[in-house]
Amino acid sequence: MSLLRLEQVSKHYGGLVANEDISFAVEAGEIVGLIGPNGAGKTTLFNCIAGYTAPSSGAIWLGEKALAGLPPERCAALGVARTFQIARTFTSMTALENVMVAALLKTHRLALARQRARHWLDFTGLAHLGDTPAASLTTSEQRRLAVARALALEPLLLLLDEVMAGLNPTEVQRAAEVVQKIRDAGIACLVVEHVLEGIMPIANRIVVLDYGRKLAEGSPEAIANDPQVIAAYLGA
Ligand code: ATP
């Protein structure tokens, strides 16, 4: 059984079709890239999967559990964690405290939450910044902090929303390494990304959205050579 399965998911806002009839699956241990032009419906689909909005129709399964229509905290408790396009760090807290907030949703023991938060900071390469106020972190560090905080929810599936945007090539490379490390830790990743040089080399599969619909799905190589995808998104 697939870890995540979307069956004909649609989301309409009045007359606006944000997602239409989208079906695909994410297997345990996979990195799946979700790409497509601005406004194609990628973030809306994330919102449907993570419970931030309910699909207008269709079904979303995490294993045997139906997710569609559940609130975010239920989706998170079942194993879906996410980051946001704009990293929503708690700026008045330290990096460690930011991750502890999430860790404390899994345990009420403060010392254990601190220990787990340190683990995820270390995992994402931020161990040396634990006591730094989140507001003082660079964009790249704030993105990694958002990832560390999502990981502290101990998810089965992590939804990463443009964690590579605005990073320099070295930072993109490091972010890609962290995503691979997450997969290697047994957590599946569904990754919305416009930085194709970051996601294409590490993804097992790519799903392409265009005008709210699934335009294509396949290996990164097949997608990079798909004439429809080139015409709609990649360009020559
Ligand atoms: P980008 O790559 O620019 O982040 P995207 O692929 O994530 O774009 P979405 O943000 O999902 O695209 O938007 C898809 C469509 O749905 C857009 O036309 C957007 O304006 C519309 N939309 C998204 N959220 C809402 C909302 N809450 N109310 C009305 N329309 C919305």
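The values are calculated or read from the model by the stated rules, or taken from the named source; none is laboratory data. Here the structure is a predicted model, which means the values were calculated and not measured. A quick note on method: Cβ atoms are made from the backbone with ideal geometry, for glycine too, and the neighbour counts reach across all protein chains shown.
Side notes on the structure shown:
- Each residue in region 133-161 was checked for being outside any helix (DSSP H, G or I), closer than 20 Å to Thr91 by Cα and acidic (Asp, Glu), and 1 pass.
- Output for region 186-212, where each listed residue is free of Cβ contacts under 8 Å to residues at least 40 places away in the same chain and assigned to a loop (DSSP other than H, G, I, E, B): Ile187, Val195, Pro201
- Residue match in region 213-221 (condition: touching a strand residue (DSSP E or B) at 6+ places or on another chain (Cβ under 6 Å), part of a strand (DSSP E or B), in contact (Cβ under 8 Å) with a residue 40 or more places away in the chain and buried (at least 20 other Cβ atoms within 10 Å of the Cβ)): yes
- Remark: Ala28 matches the filter, which requires a residue to be within 22 Å of Ile202 (Cα to Cα), outside any helix (DSSP H, G or I) and away from the ligand (no atom under 16 Å from the Cβ).
- Within region 74-123, being of a type in the set (Lys, Arg), surrounded by fewer than 22 Cβ atoms within 10 Å (Cβ to Cβ) and in contact (Cβ under 8 Å) with a residue 24 or more places away in the chain holds for Arg88, Lys106, Arg116.
Results for (1) over 22 Å from Ile49 (Cβ atoms); (2) within 13 Å of the chain's Cα centre (by Cα); (3) within 16 Å of the ligand (Cβ to nearest atom); (4) buried (at least 23 other Cβ atoms within 10 Å of the Cβ), shown as yes or no for each residue.
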| position | (1), (2), (3), (4) |
| --- | --- |
| Ser140 | yes, no, no, no |
| Ala152 | no, no, no, yes |
| Met164 | no, yes, yes, yes |
| Thr170 | yes, no, no, no |
| Arg174 | yes, no, no, no |
| Glu177 | yes, no, no, no |
| Asp184 | yes, no, no, no |
| Ala188 | no, yes, no, yes |
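- Test: residue in region 56-64 that is within 15 Å of the ligand (Cβ to nearest atom), touching a residue at least 40 places away in the same chain (Cβ under 8 Å) and in a loop (DSSP other than H, G, I, E, B): yes
- Flag for Val99 being at pLDDT 95 or above, under 22 Å from Ser219 (Cα atoms) and either within 20 Å of the chain's Cα centre (by Cα) or part of a helix (DSSP H, G or I) (or both): no
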